[in-house]
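Chemist: I'd like to ask some things about the structure below.
The values are calculated or read from the model by the stated rules, or taken from the named source; none is laboratory data. Predicted model only: the values in this text are computed from it and were never measured. Here the Cβ positions follow ideal geometry from the backbone for every residue, glycine too, while neighbour counts run over all protein chains shown. Please note that ligands, DNA and RNA were not included when accessible areas were found on the heavy atoms of the full protein model with its side chains. Shrake-Rupley method; radii C 1.70, N 1.55, O 1.52, S 1.80 Å.
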Amino acid sequence: KVATVEEARAMPVGTVTYFSEQRFYLSRVESGFLALYRKCPHLGCVVPWLADESSEDGLAIKGRFTCPCHGGVYDRYGVVRAGPPPRPLDLFPISVKGEELIVDTGTIIQRSSFDESQVTEV
């Protein structure tokens with residue numbers, strides 16, 4: 001459980017929240033949410049969210065993911081914008097149960113690109 005539906009809906013578009021114990025970022029995009037696995041698909045490094053760096057998407061002026069190992073850069077959708085990573089950040093499935101937003105960190109979804117169907121609407 002990461003948030004109530006009410007709390008999730010109150011998050012501004014462009015917000016990225018880190019859940020360190022669960023190893024993911026909850027990214028608020030225009031149409032909903034993505035749960036991005038923090039592990040770089042290049043060599044498995046932990047990819048930090050850098051809130052003060054220039055944005056790689058149009059959702060906010062600042063904020064992006066940058067892998068410290070080999071310089072992979074990702075936007076709020078987890079899409080590779082620079083560097084050697086072969087594909088976007090992996091996702092964890094999000095579901096809404098009652099009034100709770102639930103992220104299943106036991107299931108990793110690999111993807112080759114971003115598709116709007118990956119976003120969970122709340």
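Chemist: Only one residue in Val29, Val46 is in contact with a Cys (Cβ under 9 Å, 6 or more places away or on another chain) and either surrounded by fewer than 19 Cβ atoms within 10 Å (Cβ to Cβ) or at pLDDT 95 or above (or both). Which one?
Modeler: Numbers: Val29 fails: in contact with a Cys (Cβ under 9 Å, 6 or more places away or on another chain).
When all the criteria are applied, what remains is Val46.
Chemist: Let me ask something else about it. Go through the stretch 69-78 residue by residue and tally those that are open to solvent by 30 Å² or more (accessible area, probe 1.4 Å) and either in contact with a strand residue (DSSP E or B) (Cβ under 9 Å, 6 or more places away or on another chain) or hydrophobic (A, V, I, L, M, F, W, C) (or both).
Modeler: 3
Chemist: If you go through the stretch 27-42 one residue at a time, do you hit one that is over 21 Å from Gly83 (Cβ atoms) and in contact with a Lys or Arg (Cβ under 9 Å, 6 or more places away or on another chain)? Explain how you work it out, then say what you get.
Modeler: We begin by selecting, within the stretch 27-42, every residue over 21 Å from Gly83 (Cβ atoms); these are 28-33, 35.
Then keep just the ones that are in contact with a Lys or Arg (Cβ under 9 Å, 6 or more places away or on another chain); that gives 28-29.
Yes, the stretch 27-42 contains at least one residue that is over 21 Å from Gly83 (Cβ atoms) and in contact with a Lys or Arg (Cβ under 9 Å, 6 or more places away or on another chain).
Chemist: Part of a loop (DSSP other than H, G, I, E, B), in contact (Cβ under 8 Å) with a residue 40 or more places away in the chain and not polar (S, T, N, Q), is that true of Leu101? If you could, list the steps in order and put the result at the bottom.
Modeler: Numbers: part of a loop (DSSP other than H, G, I, E, B): no; in contact (Cβ under 8 Å) with a residue 40 or more places away in the chain: yes; not polar (S, T, N, Q): yes.
In short, no.
Chemist: Show the residue pairs meeting these rules: Cβ distance below 7 Å; 6+ apart or different chains; first residue within the stretch 16-30 and touching a residue at least 60 places away in the same chain (Cβ under 8 Å); second residue of a type in the set (S, T, N, Q).
Modeler: Hits for this filter: Val16/Ser27; Gln22/Thr105; Arg23/Thr105; Phe24/Thr105; Leu26/Thr17.
Chemist: Kindly indicate whether Val47 is under 16 Å from Ser31 (Cα atoms) and touching a Ser or Thr at 6+ places or on another chain (Cβ under 8 Å).
Modeler: Working: under 16 Å from Ser31 (Cα atoms): no; touching a Ser or Thr at 6+ places or on another chain (Cβ under 8 Å): yes.
No, not satisfied.
Chemist: Whether any residue in the stretch 18-40 is of a type in the set (S, T, N, Q) and within 16 Å of Val119 (Cα to Cα) is what I want to check.
Modeler: Taking the stretch 18-40 first, the residues of a type in the set (S, T, N, Q) are 20, 22, 27, 31.
Now narrow it down to the ones that are within 16 Å of Val119 (Cα to Cα): 27, 31.
Yes, the stretch 18-40 has at least one match.
Chemist: Which of the following residues is modelled with pLDDT under 95, in a loop (DSSP other than H, G, I, E, B) and among the small types (Gly, Ala, Ser): Gly78, Gly71, Gly14, Gly106? Give the derivation first.
Modeler: On the way: Gly78 fails: modelled with pLDDT under 95; Gly14 fails: modelled with pLDDT under 95; Gly106 fails: modelled with pLDDT under 95.
Of the residues listed, the single one that is modelled with pLDDT under 95, in a loop (DSSP other than H, G, I, E, B) and among the small types (Gly, Ala, Ser) is Gly71.
Chemist: Separate question: Please work out if Thr66 is open to solvent by 40 Å² or more (accessible area, probe 1.4 Å), among the β-branched types (Val, Ile, Thr) and modelled with pLDDT of 95 or more. Let's see the steps before the verdict.
Modeler: On the way: open to solvent by 40 Å² or more (accessible area, probe 1.4 Å): no; among the β-branched types (Val, Ile, Thr): yes; modelled with pLDDT of 95 or more: yes.
No, not satisfied.
Chemist: Working only within the stretch 31-68, note down all residues that are touching a residue at least 40 places away in the same chain (Cβ under 8 Å), of a type in the set (A, V, I, L, M, F, W, C) and outside any strand (DSSP E or B).
Modeler: Hits for the stretch 31-68 are Cys40, Val47, Leu59, Ala60.
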